[in-house]
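Working notes for the structure below.
The values are calculated or read from the model by the stated rules, or taken from the named source; none is laboratory data. What you are looking at is a predicted structure, and each value in this text was computed from that prediction instead of being measured. When we count neighbours, we look across all protein chains shown, and the Cβ atoms used for this are built from the backbone with ideal geometry, even at glycine. Accessible surface is based on the protein model in full, side chains and every heavy atom, while ligands, DNA and RNA are left aside. Shrake-Rupley method; radii C 1.70, N 1.55, O 1.52, S 1.80 Å.
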Amino acid sequence: MEVNLTLVLVAGALVGCGAYLLLERSLTRVLAGLVLLSNGVNIALLSTGGRAGDAAFYGSTSVDEMSDPLPQAMILTAIVITLATLAFLLAMAHRSWQLTGHDDVQDDTEDARIRSLAVDDATSDSYGLTADGQDDDDPREEGS
């Protein structure tokens, strides 16, 4: 099987740029990152199909000259799923812009409160004790 190096490099660049944009707080940049990432994955799938060939219809050409239809079918499915995801994300960005005037993702206050409780619990003296006040260490350690 032959792999086109150009397709692999383009797929890697698109996935890298898409992953970078997905880490942003702006939903518009996340949307652009998702588009780049999905196109990069689709190109990577396309490169797995080997060289281009004739249509894979039975009896139209020899088997050696046919292209593999499985990656193309998977890409078509991925395009449909990506389109639905992009529509949902675009609706979220538009609604966020309507409500707040920007599309930045805000910190979740409840998540921050739970995180601070976990930090307080981990740094307290009672960390590792059970409800009975006993040490929650492994009993096998006491025997050794």
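Annotation for Met92 and Met66: the two label points, set 7 Å from Cα along the Cα-Cβ direction, are 4.1 nm apart.
Relative to the longest principal axis of the Cα atoms of the chain, the long axis of helix 109-123 makes an angle of roughly 50 degrees. In a fully extended conformation the segment linking Val105 and Val80 would gain 6.4 nm over its present Cα-Cα distance, using 0.36 nm per residue. Summing Cβ point charges (Lys, Arg +1; Asp, Glu -1) relative to the Cα centre of the chain gives a dipole of roughly 1280 debye. Spin-label model, Phe57 to Leu117: label points 7 Å out along the Cα-to-beta-carbon direction sit 6.5 nm apart. Amide H to amide H, with H built 1.01 Å from N, Ser26 comes under 5 Å of Val105, counting only residues 5 or more places away or on other chains.
Shape verdict for segment 1-106, please, from the Cα gyration tensor: rounded (a/c under 1.5), prolate (a/b greater than b/c) or oblate. Oblate shape, in that a/c is at least 1.5 and b/c is the bigger or equal ratio. Using a 1.4 angstrom probe on heavy atoms only, work out the carbon and sulfur share of the accessible area of segment 9-119 in %. Whole-percent figure for carbon plus sulfur exposure: 69.
Per-residue ellipticity at 222 nm, computed for the chain from helices alone with -39500 (n - 2.57) per DSSP H run of at least four residues, works out to -21500 deg cm²/dmol. Exposed loop sites here are GluC sites (Glu not before Pro) assigned a DSSP state other than H, G, I, E or B and surrounded by at most 15 other beta carbons within 10 Å; excluding them, the longest clear run of the chain is 25-144. Considering only Gly18, Gln72, Asn39, and ranking their Cα positions along the charge dipole of segment 1-73 that arises from unit charges at the beta-carbon of Lys, Arg, Asp and Glu, the one farthest toward the positive end is Gly18. Annotation: Thr100 carries an accessible surface of approximately 80 Å², with a 1.4 Å probe and no ligand, DNA or RNA atoms counted. Rounded to the nearest 20 debye, the dipole size of segment 1-80 about its Cα centre is 480 debye, using +1 on the Cβ of Lys and Arg and -1 on the Cβ of Asp and Glu. A 1.4 Å probe run over segment 1-47, with the rest of the protein chains in place, finds 61 Å² accessible per residue. Loop-located trypsin sites (Lys or Arg not before Pro) in segment 20-90 (DSSP state other than H, G, I, E, B) with a sparse environment of at most 13 neighbouring Cβ atoms within 10 Å: Arg25, Arg51. Site pair Thr6 and Ser126 shows an inter-label distance of 6.7 nm when each label is modelled 7 Å from Cα along Cα→Cβ. Loop exposure criterion: chymotrypsin sites (Phe, Trp or Tyr not before Pro), DSSP state outside H, G, I, E and B, at most 13 other Cβ atoms within 10 Å. Applied to the chain, the longest stretch between such sites is 59-126.
Amide H to amide H distances under 5 Å link Leu129 with Asp136, where only residues 5 or more positions off or on other chains count and H is placed in the peptide plane.
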